[in-house]
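The values are calculated or read from the model by the stated rules, or taken from the named source; none is laboratory data. For clarity, every value in this text was computed on a predicted model and none was experimentally measured. With ideal geometry, Cβ positions are generated from the backbone for all residues, glycine too; neighbour counts draw on all protein chains shown. All accessible areas refer to the heavy atoms of the entire protein, side chains included, with ligands and DNA or RNA removed. Shrake-Rupley method; radii C 1.70, N 1.55, O 1.52, S 1.80 Å.
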Amino acid sequence: MTTFDAAQLALFSGADVVGNLADLAARIREWPDLPVQQRRAFLSALNTLARATGRPLAALPVAPAPLRAILNDLTPAAAGISAASWNNVRSLLRRALALTGVALPAGPSRDARSEAWQALTDGLPDFRARHHLTRLSRHCSRAGIAPAEVDDAVLDRFLAHLEADPLVARPRSIHRDAIREWNRHAGVLPGWPSRVLAPPDRRKGRVLPQDAIPAALAADIAAWRSRLAGENLLAERDFRPLRATSLATRERQVRALLGALARDGFDLTTLRGLTDLVVPETAARALTVLLREAGGEPTFHTGQVAGLLCAIARHHADASPAQVAQLDRIRRRVTPPASGLTPRNRTRLRAFDDPRRLQAFLALPQNIREEVRRAGRPTRALARRLRTAVAMEVLLMAPIRLRNLRSLQLGANLLRGTDGTLTIVLEQHDTKNRLVFEAVLPAESCELIELYLARYQPLLCQRPCCWLFPDEGGDGPMSDDGLRQSLMTLAHDRCGVVVNPHLYRHLAAKIILDRQPGAYGLVRLTLVHQTVATTTSSYAGTETQAAVRHYDRMVQQAREKTPAAVPRRRGSERRRA
């Protein structure tokens, strides 16, 4: 494969600014010294990328961050090609981007490590450590930085280097893992430098640490949280006590407001309690900081914390009606208009406008069952694959929330009927909105689950258990993060779509509304919403495409039934008329 020397790269980078992949394609076509075969390969890779994204080359940026976001959502399945072909497309894209200086050119220099770094990494005790430190060792070798010279400034430059390359999928994770592995061996492994690196704090300054809250204010926050939890059984209350997760969210939102004030130079010691926080001038100051940091536009977060301030003023601080009204006016200004699903969720659901992709996604659990059966003797790897397929099947047939999914337990909320059916039963205390949920699973779903329980689930338990999705390292169910990641990885790798567990609920609404536009009552019953208003506000506009398709068919049918043209009347007849 052709390589590029410094003179060629300088010649190319001296051309006009390349802002998108269409500009890059034009430069490749115009480059006189590029062999014809290499030119065709570059242009083919760019066109494949355009087809996979459904966007023209002019709409695909060269800038690292936005291009990375696009590439991270793509897989061979999404591109409709094999894994080997997709790797070739990525390699060609990297080489093409090297012409603009965006990505490092491919070549032996990417693998070169100095003798000092080679000796240091060769002494690492396990593969994980060597893997997590590979990129750092290559980066430092290229920059002429010895292991003993590594400090926080070097790691900052390493992160900047990673973020400048759009083909690096998770630069912050690579940076974090490198620091973690470095610190794990610092001063412990013979020959390893003793300096400990500062771990990254992704939320630094956003949420005020607990120990930075003044004592009087912290005591009032604790009392407010206790009231929301309903801990005092003798106290009068006109609300339903909050769950632990909701309490943690509310407290984090209060600390986010305090963090915003601290960043703005506000003296937090003047806040003796939450009553002082909901003073309109103080609340407006905190929300102004959050609004400014969000780019000046209202967001879901600013609307939520503003609503929390109103609730604190009304129910905890006993604020005057005038003060509550003023806070409510502020809330309306920082709350975006309700418009159904978020742009991100609409984009992810749009992938299922393709009937073939939707069919492949819906059939995936049963396809995996057949793959596992053909693989022969059950193994732990096959058991993990089938476990994820079972989780996906349950979400497709009964779109429950992740917390309820991971807690499914045979004999408790997953009941066997005498006829061999399986029924999911969630009582009021199990569901978010305190509504009972029951769903009898179809026969093919029951067969999949029974196969999994009989032959594969026992391989994942340390001892016999009834959890449908057991944690391999303990006696309980899988963690939220573990189950979420396994589901997302399966959908991404096999169907080329980004689907988190909650998006299954949105997909259920889409499937219903695509086939029956306006059937919000059916969506409400399926998703167990309390009111149709909740359903309508969440999914308004989801069925627009289906409604327009129905209308188009009506127009086409009317065209087919158009009567013969009415004969024109003669002039004398028109005059008599």
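Quick notes on this one:
- In the context of the full set of protein chains, the stretch 278-333 has a per residue accessible area of 51 Å² (1.4 Å probe).
- Charged-residue dipole, Cβ positions (Lys, Arg, Asp, Glu), the chain about Cα centre, Debye nearest 20: 2240 debye
- Relative contact order of the stretch 304-400: 20 percent, from C-alpha pairs under 8 Å at least 6 residues apart in sequence.
- Between ARG332 and LEU247, the FRET efficiency estimated from the beta carbon spacing at R0 = 35 angstrom works out to 0.85.
- With a Förster radius of 45 Å applied to the beta-carbon distance between PHE266 and VAL555, the computed FRET efficiency rounds to 0.15.
- Calculation over all alpha carbon pairs of the chain in 20 angstrom steps from 0 returns a P(r) of 15, 39, 37, 8, 2, 0 percent.
- The magnitude of the dipole of the stretch 378-490, with charges of +1 and -1 set on the Cβ of Lys/Arg and Asp/Glu and taken from the Cα centre, is near 300 debye.
- Entry note, the chain: the mean residue ellipticity at 222 nm calculated from DSSP H runs of n ≥ 4, each adding -39500 (n - 2.57), is -17500 deg cm²/dmol after division by the residues and rounding to the nearest 500.
- GLU163 sits with roughly 70 Å² accessible to a 1.4 Å probe, with DNA, RNA and ligands left out of the calculation.
- Here each label is just a point 7 Å from Cα along the line to Cβ, and for GLU281 and VAL436 those points are 5.5 nm apart.
- If the convex hull is drawn through the Cα atoms of the stretch 208-323, its volume per residue in Å³: 114 Å³
- Between the C-alpha center of the stretch 221-239 and that of the stretch 72-96 there is a gap of 55 Å.
- Structural descriptor for the stretch 460-558: relative contact order 15 percent, calculated from alpha carbon pairs under 8 angstrom and at least 6 residues apart.
- Couplings 3J(HN,Hα) of the stretch 145-151, computed from phi: 9, 6, x, 5, 8, 6, 9 Hz, in residue order, whole Hz [Karplus 6.51 cos²θ - 1.76 cosθ + 1.60, θ = phi - 60°; x for Gly and Pro].
- Cβ-Cβ FRET estimate between ARG292 and GLU450, R0 fixed at 45 Å, reported to 0.05: 0.20
- The stretch 459-521 - convex hull of alpha carbons, volume per residue in Å³: 129 Å³
- Prolate/oblate/rounded call for the stretch 352-477, Cα gyration tensor, a/c under 1.5 rounded: oblate
- Farthest toward the positive end of the dipole of the stretch 426-468, out of HIS429, PRO442, TYR452, is the Cα of HIS429, where the dipole comes from beta carbon charges about the Cα centre.
- GLN409 long-range amide H proximity, modeled H, under 5 Å: LEU414, LEU468
- Area of CYS461 that stays accessible when all protein chains are in place (1.4 Å probe, Å², to 10): 20 Å²
- For the stretch 20-156, alpha-carbon Rg relative to the globular expectation (2.2 N^0.38 Å, N residues): 1.26
- Panel values: the stretch 310-356, Kirkwood radius from alpha carbon pairs, Stokes-Einstein at 4 °C and 1.567 mPa s, translational diffusion coefficient 95 µm²/s.
- Carbon/sulfur fraction of accessible area - the chain, other protein chains in place, 1.4 Å, %: 53 percent
- Dipole-positive endmost among PRO336, LEU233, THR379 within the chain (Cβ charges, Cα centre): PRO336
- Distance between the stretch 435-512 and the stretch 131-145 - C-alpha centres, whole angstrom: 40 Å
- Residue among ALA148, VAL196, ILE221 farthest towards the positive dipole end of the stretch 133-236, charges placed on Cβ: ALA148
- Dipole magnitude of the stretch 263-408 about its Cα centre (Cβ charges: Lys, Arg +1; Asp, Glu -1), debye to nearest 20: 1100 debye
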